[in-house]
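Engineer: To start, I am sharing the structure in question, which I have written as structure tokens.
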Amino acid sequence: MRQKDSWLVQISKGDHYGIGECSIIEGLSPESPQIVQNILEEIPKYLMAGKEFILQRYSKAPAVQFAIEMAFSGLDSHHPLLHFDTPFTLQQQIIPINGLIWMGDVEFMMTQLEQKINLGFSCIKIKVGAIDFESECNFLAQIRKRFHSSDLMLRLDANGAFHPEDAIQKLNRLSEYNIHSIEQPIAPGQRKEMTTLCKTSPIPIALDEELIGINSNQEKVDLIQEIKPQYIIIKPSLVGGWQGADQWVSIAERHAVDWWATSALESNIGLNAIAQWVSTKQINLPQGLGTGGLFTNNIDTPLYLRGQKMGFDFNKLSDFTLKACL
């Protein structure tokens with residue numbers, strides 16, 4: 001992926017306005033670009049019906065739902081970028097995040113690791129499954145020679161790359177490197193196989209893509225009860241915005257499943273909304289919110305990163321105008 005489009009939704013009432021971001025990843029999000037375009041063009045005629053009506057009408061378009069939630073929240077707030085009143089937005093709290101190592105050859109990945117370590121990261125997420133498995137194991141072995149698990153937490157993300165037939169063998173091998181967790185070792189939709197892996201894997205498993213398209217509360221409960229994962233990964237743009245994310249958190253906590261949130265390559269508009277939502281929860285683990293720096297062009301918001309710490313500069317709210325998004 002070299003470029004990524006997003007849609008910004010503005011809802012105004014008099015001099016007040018709110019901004020929401022509709023961010024999709026083609027091939028992963030339930031919505032296609034054309035579907036998003038069609039929905040956004042028809043939403044204005046339903047505005048008078050209210051937010052809840054729109055969210056229900058487009059219950060199978062999670063990125064649209066999130067954009068609508070953001071826009072209405074900003075409209076009802078003192079500022080279009082201020083969604084929740086928490087210690088985070090009052091500059092009294094930071095959110096710990098993991099550093100992300102992108103797929104590539106071992107030399108490229110090691111360079112990224114060095115950069116993250118120098119910035120002070122103590123939790124690193126590494127994409128696996130894209131290059132030769134032995135090379136990936138060699139890379140992890142090199143890391144563990146230098147950094148003990150008590151000093152550096154390693155998360156892996158396979159994005160469903162392993163085949164069910166040999167997944168457990170690969171997980172056994174990867175466990176030699178003291179891995180905190182692995183996201184989506186096999187492709188979603190293979191519940192029986194994923195259930196077995198969650199029961200037998202020496203590495204705790206986090207469901208990610210498995211959550212996409214699971215809309216009703218009962219469907220979510222059934223998934224968690226059947227597969228019994230150790231973690232779930234929550235991406236609001238893929239699970240129905242804050243409402244959908246809140247459902248997942250509530251269900252996970254009732255079933256003793258831990259979680260963290262990650263972005264889905266939103267601009268800083270969406271990232272800001274996710275970070276503020278995360279700050280309303282009890283944060284047990286580093287979050288996956290460090291993707292804003294990937295863009296060559298982005299929108300300035302009060303969010304800032306200092307190594308593995310994400311913060312919110314309340315004073316920068318006054319610098320933001322609608323023109324900043326254009």
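Engineer: Enumerate the residues in the stretch 242-258 having an amide nitrogen under 17 Å from the point lying 7 Å beyond the Cα of residue 46 toward its Cβ.
Structural biologist: Of the residues in the stretch 242-258, 242-244 have backbone N under 17 Å from the label point off residue 46.
Engineer: Then there's this: Expected output is a single nm value to one decimal: the length gained when fully extending between residue 111 and residue 284, i.e. 0.36 nm times separation in residues minus the C-alpha distance. What is it?
Structural biologist: Details: separation 173, 0.36 × 173 = 62.28 nm, distance 2.87 nm.
Result for the pair: 59.4 nm of gain on full extension.
Engineer: Here is a follow-up. Using only Cα atoms, locate the centre of the stretch 248-281 and the centre of the stretch 70-147, then give the distance between them in Å, rounded to an integer.
Structural biologist: 14
Engineer: Rank-order 109-118, 96-105 by packing density, defined as the average count of other C-beta atoms within 10 Å over each peptide's residues, highest first.
Structural biologist: So the peptides 109-118, 96-105, ranked by packing, come out 96-105, 109-118.
Engineer: Let me ask you something else. What distance in nm lies between label points placed 7 Å from Cα along the C-beta direction at residue 12 and residue 146?
Structural biologist: Once both label points are built, they end up 5.2 nm from each other.
Engineer: Another question, if that's okay. Full-extension gain between residue 119 and residue 191, please, as 0.36 nm times their residue separation minus the C-alpha to C-alpha distance. Could the numbers behind the result be given before it?
Structural biologist: On the way: separation 72, 0.36 × 72 = 25.92 nm, distance 3.87 nm.
Fully extending the segment from residue 119 to residue 191 adds 22.0 nm.
Engineer: Still on this model: What is the gain in length, in nm to one decimal, between residue 256 and residue 165 on full extension, counting 0.36 nm per residue of separation less the C-alpha to C-alpha distance?
Structural biologist: Once the chain is fully extended between residue 256 and residue 165, it gains 29.9 nm.
Engineer: Another one. Give the angle, between 0 and 90 degrees and rounded to the nearest 10, that separates the Cα long axis of helix 33-42 from the longest principal axis of the Cα atoms of the chain.
Structural biologist: 20
Engineer: Could you work out how far apart the two model spin labels at residue 173 and residue 131 are, taking each label as a point 7 Å from the Cα in the direction of the beta carbon, and quote it in nm?
Structural biologist: Spacing of the two 7 Å Cα→Cβ label points: 1.5 nm.
Engineer: Provide, for q = 0.23, 0.25, 0.26 Å⁻¹, the log10 of I(q)/I(0) from a solvent-free Debye sum over equal Cα point scatterers in the stretch 6-76.
Structural biologist: -1.00, -1.16, -1.24
Engineer: Further, regarding this structure: Obtain the nm distance between the two label points defined at residue 53 and residue 218 by a simple spin-label model: each point lies 7 Å from its Cα along the Cα-to-C-beta direction.
Structural biologist: A separation of 2.7 nm, rounded to one decimal place.
Engineer: Need the list of lysines near residue 4 for cross-linking: C-alpha distance under 20 angstrom, and skip anything on the same chain fewer than eight residues off.
Structural biologist: 127, 235
Engineer: Still on this structure, I have one more. Roughly what angle does helix 217-227 make with the longest principal axis of the chain, taking Cα atoms, 0 to 90 degrees, to the nearest 10?
Structural biologist: The answer is roughly 10 degrees.
Engineer: Quick one: helix 241-254 against the long Cα principal axis of the chain, what's the angle to the nearest 10°, folded into 0 to 90?
Structural biologist: 40
Engineer: Also, I was wondering about something else. Please list, or write none, the aspartates and glutamates whose alpha carbon is within less than 17 Å of the alpha carbon of residue 309, excluding same-chain residues fewer than 8 places away.
Structural biologist: 151
Engineer: Over the alpha-carbon set of the stretch 81-195, divide Rg by the Kirkwood Rh and report the Rg/Rh ratio to two decimals.
Structural biologist: 1.05
Engineer: So for the stretch 88-154, what percent of the C-alpha to C-alpha distances run longer than 17 Å?
Structural biologist: Summing the P(r) of the stretch 88-154 above 17 Å gives 43 percent of all pairs.
Engineer: Let me ask another. P(r) for the chain: what percent of alpha-carbon pairs falls in each 10 Å bin, starting at zero?
Structural biologist: In whole percents, the pair-distance histogram is 5, 26, 34, 24, 9, 1, 0.
Engineer: Let me see the P(r) profile for the stretch 216-317: every Cα-Cα distance counted, bins of 5 Å, each bin given as a percent of all pairs.
Structural biologist: Spelled out per bin, shortest first, that is 2, 12, 23, 22, 17, 11, 7, 4, 1, 0.
Engineer: For a protection proxy built on the mean count of beta-carbon atoms within 10 angstrom, sort 263-274, 138-149 highest first, please.
Structural biologist: 263-274, 138-149
All of the numbers you see were taken from the coordinates with simple rules; none came from a lab. On a predicted model such as this, the values are computed, not experimentally measured, just so you know. Virtual Cβ from ideal backbone geometry, glycine too; neighbours counted across all protein chains shown.
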